[in-house]
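Trainee: Please read through the structure below; I'll follow up with questions.
The values are calculated or read from the model by the stated rules, or taken from the named source; none is laboratory data. Keep in mind it's a predicted model, so treat the numbers as computed, not measured. Here the Cβ positions follow ideal geometry from the backbone for every residue, glycine too, while neighbour counts run over all protein chains shown.
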Amino acid sequence: MIEENSFEEVSLKLEEIRNSMINKIEELFDVIIDDRDKRLDWKEWGIDTLNFDQYRKRYHSEINSNASVKSIRFSMEDSSINDQIEEDQEQFQGFAILITGQALIYALQDDLKMKFLELATMCKAVICCRVTPMQKAQVVELVIENEKKSTLAIGDGANDVSMIQSQF
């Protein structure tokens, strides 16, 4: 959630989110991000965002692939093993960002917009709340101009016309 009210705060929040994403990616996937300044990109790591679990690190699959699996015995009372198994079985659906209109004012400025775009493209969903019609259009245009991709922008009224028209 990004709801900060100044350029500096939004900049720091974007960096905090980016670092959290890097840490989560390294924790869940067989990915080591050596160059933390390089743009984050699922495709670079060969990860299909439609099927995250296929690329996950798996403690239980390592045990199952071990030839001596029959000789491995552990008590289900062992909470550390149970915690590890639960953690490995936890589904990862992807990242999402919610950003307010006030924070978006700063995130769309020249100095931050590419950082915001990087994080947004790492997400399954980006929710912009309490934003102006112009901000809606700017977010769509940012994606189209820099990613050369189609976007899905959902609105519920006449104030969404500029956002929808910016896609054509």
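Trainee: When the residues of the stretch 133-168 are filtered to those that are polar (S, T, N, Q) and surrounded by 14 or more Cβ atoms within 10 Å (Cβ to Cβ), which remaining residue is nearest to the chain's Cα centre (by Cα)?
Mentor: Top of the filtered list is T151.
Trainee: Checking the conditions here, which among D48, D34, D83 is at pLDDT 55 or above and either of a type in the set (S, T, Y) or closer than 30 Å to F7 by Cα (or both)?
Mentor: D34
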